[in-house]
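To keep things clear, I will list the structure first and then write my remarks on it.
The values are calculated or read from the model by the stated rules, or taken from the named source; none is laboratory data. Remember, predicted model here, so these are calculated numbers, not experimental data. Here the Cβ positions follow ideal geometry from the backbone for every residue, glycine too, while neighbour counts run over all protein chains shown.
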Amino acid sequence: LTMLRGIYFTVCFIVCIKEAFSECQTLSGNRCLTKNDPGAAEYFNYFGWKSSCFDYNGGKYCMISIGNLRPCKCTNGGSGGGGNDGSNGGTVGQGGSDNGSDNLKCDSSTVENFGECSGLKQAFCPLTFFKSGVTHRNTLCKYCGEDKQTCSSKICTYDITSEEDKQRIVDKHNDLRSNVALGNEKKGIGGPQPSAANMNRLKWDSDLAKSAQMWTLQCQRGHDNNRLTPQFDVWVGQNIASSWNSVKTSSRHYETMIQGWYDEVKDFPSKNVEKYSSEGATGQVGHYTALVWAATTRVGCGFIMYYDDTMLLYPYKKMFVCNYGVGGNLFGEAVYKIGKPGSDCPN
């Protein structure tokens, strides 16, 4: 890869002082923005990034444009590579602006009054999750409605209520899963992805959706720790997509965000289908594998857009979260069974 050097010059009379920065690039060779690039400082300061290639959701990422994240690596003292446990998928960041504006009120006036959440707590508080020596409370037990401190009562729109939207999300997932199952996916490290004998079709699950929606109402970054449901009480997977925009817009590009998760297939080694790992991957692949995990039968998602006044250039943040039951990305287990499409399906 061609090395890119960021050299800044300070001129005082005839004195020129050079400061060389570590060389950070995306895995495909694009230049990573530094804190000194126009508009980047707000992001570096807000998220506390110490390097242009920073730790993010179990991997190393950088910005190639404002708000647009890609996996990265550095040389000459830059931040090194990082591991990814592959358990949750990850977060896709996108920046930019949609054309036009909507008459949305970003004052949380549309947010439901959840009251005491007594019904949710009764059903979900018994579902604890033990991880890394810590017992985590369930999202639908720990939280009840909007976190007014983190969201600042500036939610513009949220929730996925229409049957049409739910079907759009399910259909997009199933179209992509079918593409893999039929052996039509030609991308991947070491060759195309093999066909699947046991790829289930997904259906919408209201409990998974409630949990995903409650997590978005916290306006926090990253994954929650416990999203179990009465039906899926061992492991639930999760994918997150986030975008930052300069104007208000009610558009919800579900298909685009789901496609973004799937497109990680280009970095996934086909040899890892029978025994899941990230070994040999050339980028983050957890979104893709969570999406096409054969044993998964249900999906439920949540959505939010809120005004984040700490992000001066792109303050309108959208967050799309999908929970999967049963969850995938379990090391050593098969992503799916290789074989004739549908030959090992129950019906």
Neighbours by Cβ (under 9 Å, 6+ apart or cross-chain): first from region 199-218, under 14 Å from residue 297 (Cβ atoms); second in a strand (DSSP E or B) and among the polar types (S, T, N, Q): 205/323; 207/323; 208/323
Only one of these conditions is not met by residue 313: (1) at pLDDT 95 or above; (2) assigned to a loop (DSSP other than H, G, I, E, B). Which number is it? (1)
Scope region 271-291; condition surrounded by fewer than 19 Cβ atoms within 10 Å (Cβ to Cβ) and outside any loop (DSSP other than H, G, I, E, B); matching residues: 271
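Answer with yes or no whether residue 292 is in the same structural domain as residue 211 (by TED's automatic domain parsing) and either over 25 Å from residue 242 (Cα atoms) or of a type in the set (Val, Ile, Thr) (or both). Spell out the reasoning first.
Details: in the same structural domain as residue 211 (by TED's automatic domain parsing): yes; either over 25 Å from residue 242 (Cα atoms) or of a type in the set (Val, Ile, Thr) (or both): yes.
The answer is yes for residue 292.
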Flagged pairs (Cβ under 8 angstrom, 6 or more apart or on separate chains; first in region 56-79, surrounded by fewer than 19 Cβ atoms within 10 Å (Cβ to Cβ); second at pLDDT below 80 and of a type in the set (A, V, I, L, M, F, W, C)) are 75/3; 76/20
Cβ-Cβ below 8 Å, separation at least six or inter-chain, first residue in region 30-50 and on the phi > 0 side of the Ramachandran plot, second modelled with pLDDT under 85 and in a loop (DSSP other than H, G, I, E, B): which pairs? 39/66; 39/313
Of the residues that make up region 141-153, is at least one touching a residue at least 40 places away in the same chain (Cβ under 8 Å), out of contact with any helix residue (DSSP H, G or I) (no Cβ under 9 Å at 6 or more places or on another chain) and within 18 Å of residue 260 (Cα to Cα)? no
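So, in region 100-144, of the ones that are of a type in the set (Asp, Glu) and more than 16 Å from residue 212 (Cβ to Cβ), which residue ends up surrounded by the fewest Cβ atoms within 10 Å (Cβ to Cβ)? Write out each step before concluding.
First, pick out the residues of region 100-144 that are of a type in the set (Asp, Glu): 102, 107, 112, 116.
In the following step, the residues that additionally are more than 16 Å from residue 212 (Cβ to Cβ) were identified as 102, 107, 116.
Numbers: 102: 15, 107: 13, 116: 8.
The selected residue is 116.
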Test: residue 93 is farther than 25 Å from residue 312 by Cα and either modelled with pLDDT of 85 or more or under 21 Å from the mean Cα position of the chain (by Cα) (or both): no
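Can you give me the ranges of the strands (runs of 3 or more DSSP E) entirely in region 108-214 with at least 2 residues that are modelled with pLDDT of 95 or more, in the same structural domain as residue 307 (by TED's automatic domain parsing) and in contact with a Leu (Cβ under 9 Å, 6 or more places away or on another chain)? Steps first, answer last, please.
Working: elements: 129-131, 134-136, 155-158.
The strands (runs of 3 or more DSSP E) meeting that bar are 155-158.
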Within the bounds of region 153-175, is there any residue that is surrounded by 14 or more Cβ atoms within 10 Å (Cβ to Cβ), touching a strand residue (DSSP E or B) at 6+ places or on another chain (Cβ under 6 Å) and small (Gly, Ala, Ser)? no
Checklist (1) under 30 Å from residue 103 (Cα atoms); (2) modelled with pLDDT of 95 or more; (3) surrounded by fewer than 24 Cβ atoms within 10 Å (Cβ to Cβ) applied to residue 240, failing item: (3)
